[in-house]
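I have placed the structure first, in the form of structure tokens, so that the comments after it can refer back to it.
A short reminder: the numbers here are calculations on the coordinates, not readings from a lab. Worth saying up front: this structure is predicted, and the values here are computed from it rather than measured. Every residue, glycine as well, gets a Cβ built from its backbone with ideal geometry; the counts of neighbours run over all protein chains shown.
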């Protein structure tokens, strides 16, 4: 799992969002996992992204503002190559059909990865002084 920022989210990604919830005097982290259906309004202050998951046969969607201060972190679980900006058609598909529609690239995630730098180690002759 790879940690990403809310600005890097794209439709088709399966993410786990950690949100801080305050219940009375206690605070806890709530984990919300699902597929990102849409990202709206780009990078402006009112930008949002929609996460969908089927729980007990009922589809549940959460709409998060990108700059929500209660979001602690976002983990990228899987990434899919999609050909649409909004994946609302997945609402009408079953979970199995939706997985079939998305071409998962679970092992080809390349966010924030830098190319590996080659390190050359030169042989140095170190002379030891003997006393």
statement: Neighbour-count ranking for 49, 18, 64 (other C-beta within 10 angstrom, fewest to most) reads 18, 64, 49
query: If you take the alpha carbon radius of gyration of the range 2-104 and divide it by 2.2 N^0.38 Å, what ratio comes out, to two decimals?
result: 1.08
query: Between residue 20 and residue 94, what is the label-to-label distance in nm when each label sits 7 Å out along the Cα-to-Cβ direction?
result: 4.2 nm
message: Between residue 58 and residue 86, what is 0.36 nm times their sequence separation minus the Cα-Cα distance? Round to one decimal in nm.
response: 8.0 nm
- line: Expected sort for 35, 9, 63, 71 with the fewest Cβ neighbours (10 Å cutoff) up front is 63, 71, 9, 35
